[in-house]
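Read the structure below first, then the notes.
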Ligand code: NAP
Ligand code: MG
């Protein structure tokens, strides 16, 4: 049996050693999930809701433990980690409202009655990355379970601990055996089996655009349903008429949260030329003020990167010719640290403007007018999120409609609420998670005509 060492990225110490699931065990788990699906879809809606509510309560009762696990495993700040565990609880409570509300339609027809059903798919495979191990897992398994599916979930190899604990809590809460299984293992083994095993009827994948394309191609062979949440290169657009002080004070948190390892990171700041210099003057103290350090410390705002190799990848974006405007701080000693970094690329083709760095690096560029801002914002293969800072409500609406991205915020940087839809345009993804229609992504609509 293969094992993996789980490392604390803030200390480089081994947290624990974990056994990895192999191909045969993955097949066995998928087949268990397939058998469990027969009973789970028959559980009365009110009972399925109650079980999900109990699961939510178990998460809440263990919130601090889950948060501490994430601090140790992923280097998330304790404040973020508590929010993330709370998000799992809230997604489960939201999902618990689904079973009794999964309404079909009655459609007028001649000679009979026509009704629709939202049937569960069967087994759903959820593949989770290391950047937000808890929320991304729950956005998949919560609504999938609520709609009557069983779930096999593969956490990222680097960050399996909270997912494993959530699997235990589901059982403690009374979910039947085989309904929700967590399978720590390699992407190329466990994740691939979700794609190729015919009993898995849908794959929900969050991660790199590169692997996402492979997953989609693999799923095509069986016309398997797929939801993809991939990378981003989101724009934070600051107009001259905005509250510049607030825009500059908040910009670091729109990109450096989770050390920039966030698909929604606003990693390009577009500033109207007339206020460009003033904005940079205001941005500098804000960036220098970001508190980088021990993620277990309540006052810390940014922790380390996930691994040594990821830090090397982030660092490779800064070349000798890169114009660095200023940087924030980083602690000395062990840990995969990288300081908040502000760069001023000149050519639109610069990698820092086109590729996802997935670290605390932000590029600031100037634009002329509204049309120019929209053009630059859309000059990317991605389209996940973005922010617009302006005090002109008409402009806020026009630019919101013009930017090709799934999740925008005006005079704010928040993109995620479990009751609003989340997902990407263009190569940032396919399909939507969360929001009022979350469960429909885990069902097939069946139409039945009954003759009089
Ligand atoms: P990744 O390779 O896309 O990994 C994401 C998940 O997919 C992990 O659970 C991974 O398992 C699994 N996986 C990998 N190869 C697979 C395959 N062939 N079939 C099925 N599953 C597979 O991402 P990464 O290597 O961790 O990160 C690389 C870059 O991707 C980052 O630097 C960042 O730019 C981007 N990224 C984006 C997001 C996002 O939220 N949009 C999240 C993470 C990363 P293993 O853990 O075993 O590899
Ligand atoms: Mg990878």
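At a glance:
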quantity	calculated
Filtered residues of the range 253-263 (kept if out of contact with any strand residue (DSSP E or B) (no Cβ under 8 Å at 6 or more places or on another chain) and under 17 Å from residue 408 (Cα atoms))	253, 262
Filtered residue count, the range 187-204, keeping only those that are within 11 Å of residue 122 (Cα to Cα) and near ligand 1 (Cβ under 8 Å from one of its atoms)	0
Within the range 144-161, tally of residues that are part of a helix (DSSP H, G or I) and surrounded by 24 or more Cβ atoms within 10 Å (Cβ to Cβ)	3
Qualifying residue in the range 253-261 (condition: more than 24 Å from residue 338 (Cβ to Cβ) and either without any contact (Cβ under 8 Å) to a residue 40 or more places away in the chain or within 16 Å of ligand 1 (Cβ to nearest atom) (or both))	no
Flag if residue 277 is in the same structural domain as residue 310 (by TED's automatic domain parsing), surrounded by fewer than 24 Cβ atoms within 10 Å (Cβ to Cβ) and part of a loop (DSSP other than H, G, I, E, B)	no
Residue in the range 25-34 that is surrounded by fewer than 17 Cβ atoms within 10 Å (Cβ to Cβ) and free of Cβ contacts under 8 Å to residues at least 40 places away in the same chain present	yes
Near pairs, Cβ below 7 angstrom, 6+ apart or cross-chain, from the range 188-213 (over 21 Å from residue 20 (Cα atoms) and without any contact (Cβ under 8 Å) to a residue 40 or more places away in the chain) to any residue that is more than 7 Å from ligand 1 (Cβ to nearest atom) and not in a loop (DSSP other than H, G, I, E, B)	none
Members of the range 264-282 found to be farther than 14 Å from residue 389 by Cβ and in contact with a strand residue (DSSP E or B) (Cβ under 7 Å, 6 or more places away or on another chain), listed by number	264, 267, 273, 280
Conditions (1) under 20 Å from residue 11 (Cα atoms); (2) part of a helix (DSSP H, G or I); (3) in contact with a strand residue (DSSP E or B) (Cβ under 6 Å, 6 or more places away or on another chain): number failed by residue 311	(3)
For residue 184: the one exception among (1) in a loop (DSSP other than H, G, I, E, B); (2) within 15 Å of ligand 2 (Cβ to nearest atom); (3) under 19 Å from the mean Cα position of the chain (by Cα)	(2)
Test result for residue 133, within 16 Å of ligand 2 (Cβ to nearest atom), in contact with a helix residue (DSSP H, G or I) (Cβ under 6 Å, 6 or more places away or on another chain) and not assigned by TED's automatic domain parsing to the domain that holds residue 311	yes
Enumeration of residues in the range 217-240 that are touching a residue at least 40 places away in the same chain (Cβ under 8 Å) and more than 16 Å from ligand 2 (Cβ to nearest atom)	225, 226, 227, 232, 233, 234, 235, 236, 237, 238, 239
Looking only at the range 201-216, and only at residues there that are in a helix (DSSP H, G or I) and in contact with a strand residue (DSSP E or B) (Cβ under 9 Å, 6 or more places away or on another chain), the one that is nearest to ligand 2 (Cβ to nearest atom)	211
Residue check for residue 195: surrounded by fewer than 23 Cβ atoms within 10 Å (Cβ to Cβ) and within 16 Å of ligand 2 (Cβ to nearest atom)	yes
Qualifying residue in the range 155-174 (condition: more than 16 Å from ligand 1 (Cβ to nearest atom), modelled with pLDDT of 95 or more and closer than 18 Å to residue 120 by Cα)	no
Checklist (1) in contact with a strand residue (DSSP E or B) (Cβ under 8 Å, 6 or more places away or on another chain); (2) surrounded by fewer than 21 Cβ atoms within 10 Å (Cβ to Cβ) applied to residue 189, failing item	(1)
Selection count where residues are more than 12 Å from ligand 1 (Cβ to nearest atom) and out of contact with any strand residue (DSSP E or B) (no Cβ under 8 Å at 6 or more places or on another chain), scope the range 217-242	5
Residue among 373, 377 that alone is modelled with pLDDT of 95 or more, over 27 Å from residue 132 (Cβ atoms) and buried (at least 19 other Cβ atoms within 10 Å of the Cβ)	373
Selection within the range 343-366 - surrounded by 15 or more Cβ atoms within 10 Å (Cβ to Cβ) and more than 24 Å from the chain's Cα centre (by Cα)	343, 344, 345, 350, 364, 365, 366
Only listed residue being more than 18 Å from the chain's Cα centre (by Cα) and more than 30 Å from residue 449 (Cα to Cα), chosen from 103, 145, 158, 169	169
Lone unmet requirement of (1) touching a residue at least 60 places away in the same chain (Cβ under 8 Å); (2) more than 30 Å from residue 398 (Cα to Cα); (3) more than 16 Å from ligand 1 (Cβ to nearest atom) for residue 359	(3)
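The values are calculated or read from the model by the stated rules, or taken from the named source; none is laboratory data. Keep in mind that what you see is a predicted model, and the values were worked out from it rather than measured. Ideal geometry is used to build each Cβ from the backbone, glycine not excepted, and the neighbour counts take in all protein chains shown.
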